[in-house]
Structures are given as structure tokens and as C-alpha cells.
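Reading through the C-alpha cells given below for one structure.
The values are calculated or read from the model by the stated rules, or taken from the named source; none is laboratory data. Here the structure is a predicted model, which is why all the values come from computation and not from measurement. Note that each Cβ is placed from the backbone with ideal geometry, even for glycine, and that neighbours are counted across all protein chains shown.
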Amino acid sequence: MTDISIREAVPRDCPLILDFIRALAKYEHMSDQVVATVELLQDQIFDQHKAEVLFLCEDGREVGFALYFHNFSTFLGRAGLYLEDLFVLPEFRGRGYGKALLRRLAQIAGERGCGRLEWWCLDWNRPSIDFYLSLGAQPMEDWTVYRLTGETLKNLAKS
């Protein structure tokens, strides 16, 4: 019988967190965009508490992860949870592990009094879209994501 558990990441997990980030980036064809380091993850996740990480384990082996943090809805007047990354190793998909991670995040959101749980999904990622829809998640319409990074972000800050 398979033993399934979900655990919170601890500082010694930073190399493993980075491994999952790299695996996700490879899946999303974005490996060239990963600049995170073990040291940066240690600082941001554990020293500054900017994000949190859950691992889903099968028989003691980490086979999935979720990285999330709080956001805030002014309309609801409450914090929410934003899921930045959800990834299950390919050979472990189809076993309900993604759903288990999302269920745990929904529980955390409820325990913390959050008004919602939300995330983005790449438009081409039909398997994930279908999975999210099967859970009752609703795509946001009439909204476009905007982003400032790198030099553009620095230039705005200096202006």
C-alpha cells in the first residue's frame, strides 16, 4: 500500500525546492528563465517568509510541490492565497496528487480566513486547464496580467 503525506518545507529543503522549480520550468519550456539559487530561496522563503512550500510525498519521497504566498483582495477586505507553482513529477501524475495539494491549500486558506485561492495557468497547458475546471475553478475573464521586470522595473523605480 502506498503511503501519501503532505509536509511543509523546511530550510534544508532549499535544494529540493530548486530541483522542483527547474523541473517545472523544463515542463513549461522556460528553463532559461530560472535564476533562483538555493541561497536566494533560503533568504526569501525561510528568512524573510515571502512564500511557503508544501511537498506531497509518496512512501517518503517528495513527488510534488506547491509554492504559495498571501495576496490581498480589497473588495473582500481579506487576504487570499496565491498559488505560484504546482508541480507533480510526470511519472506520478494521474494519482490525485495535484488535487491533494490543492485540497490542502484550500484547507490552509480556510484555516487562515482567506477569501480565495487563485493562480495562473499557461494558455497552452490544456491538461492543467482541464484539471482545474474539473475541480470547479473558474477562469478569470476580462482580465489581462501585466508585468514589469528587469530594466523596465528599475527604470520605473528611478523615474
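Would you say residue 86 is part of a helix (DSSP H, G or I) and modelled with pLDDT of 95 or more?
Working: part of a helix (DSSP H, G or I): no; modelled with pLDDT of 95 or more: yes.
For residue 86, the condition - part of a helix (DSSP H, G or I) and modelled with pLDDT of 95 or more - is not met.
Considering region 114-159 alone, what residues qualify as being among the acidic types (Asp, Glu) and more than 17 Å from residue 66 (Cα to Cα)?
Of all residues in region 114-159, those among the acidic types (Asp, Glu) come to 118, 123, 130, 141-142, 151.
Passing the criteria: 123, 130, 141, 142, 151.
For region 11-40, which residues satisfy the criterion of being in contact (Cβ under 8 Å) with a residue 24 or more places away in the chain and either in contact with a Gly (Cβ under 9 Å, 6 or more places away or on another chain) or not in a helix (DSSP H, G or I) (or both)?
Matches in region 11-40: 20, 28.
Is at least one residue of region 89-111 of a type in the set (Asp, Glu) and surrounded by 10 or more Cβ atoms within 10 Å (Cβ to Cβ)? Let's see the steps before the verdict.
Initial filter on region 89-111 (of a type in the set (Asp, Glu)): 91, 111.
With the extra rule that they be surrounded by 10 or more Cβ atoms within 10 Å (Cβ to Cβ), the set shrinks to none.
Looking for residues that are of a type in the set (Asp, Glu) and surrounded by 10 or more Cβ atoms within 10 Å (Cβ to Cβ), one finds none in region 89-111, hence no.
May I ask you to list pairs of residues, at least six apart or on different chains, whose Cβ atoms are under 6 Å apart, with the first in region 65-82 being of a type outside the set (S, T, N, Q) and the second being at pLDDT below 95 and not in a strand (DSSP E or B)?
Pairs found: none.
Conditions: (1) assigned to a loop (DSSP other than H, G, I, E, B); (2) aliphatic (A, V, I, L, M); (3) modelled with pLDDT of 95 or more. Residue 140 meets all but one. Number of the miss?
The failed condition is (3).
If I filter region 96-133 down to residues being of a type in the set (Gly, Ala, Ser) and under 16 Å from the mean Cα position of the chain (by Cα), which single residue comes out as farthest from residue 2 (Cα to Cα)?
Within region 96-133, the first condition is being of a type in the set (Gly, Ala, Ser), and the residues that meet it are 96, 98, 100, 106, 109-110, 113, 115, 128.
Those left that are additionally under 16 Å from the mean Cα position of the chain (by Cα): 98, 100, 106, 109, 128.
Working: 98: 16, 100: 14, 106: 24, 109: 27, 128: 24 Å.
Only one residue tops the list, namely 109.
Every residue, every condition in (1) under 28 Å from residue 124 (Cβ atoms); (2) touching a helix residue (DSSP H, G or I) at 6+ places or on another chain (Cβ under 9 Å); (3) surrounded by 13 or more Cβ atoms within 10 Å (Cβ to Cβ), yes or no:
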| site | (1), (2), (3) |
| --- | --- |
| 19 | yes, no, yes |
| 22 | yes, yes, yes |
| 25 | yes, yes, yes |
| 35 | yes, no, no |
| 48 | no, no, no |
| 80 | yes, yes, yes |
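Among the numbered conditions (1) within 25 Å of residue 122 (Cα to Cα); (2) surrounded by 13 or more Cβ atoms within 10 Å (Cβ to Cβ); (3) out of contact with any Cys (no Cβ under 6 Å at 6 or more places or on another chain), tell me where residue 4 comes up short.
Among (1) within 25 Å of residue 122 (Cα to Cα); (2) surrounded by 13 or more Cβ atoms within 10 Å (Cβ to Cβ); (3) out of contact with any Cys (no Cβ under 6 Å at 6 or more places or on another chain), the lone unmet condition for residue 4 is (1).
Applying the selection to region 113-159, what residues are of a type in the set (Lys, Arg) and touching a residue at least 40 places away in the same chain (Cβ under 8 Å)?
The answer is 116, and nothing else.
Which residues, taken from region 43-73, are touching a Ser or Thr at 6+ places or on another chain (Cβ under 7 Å) and assigned to a strand (DSSP E or B)?
Taking region 43-73 first, the residues touching a Ser or Thr at 6+ places or on another chain (Cβ under 7 Å) are 57-59.
Of everything in region 43-73, those that are touching a Ser or Thr at 6+ places or on another chain (Cβ under 7 Å) and assigned to a strand (DSSP E or B) turn out to be 57, 58.
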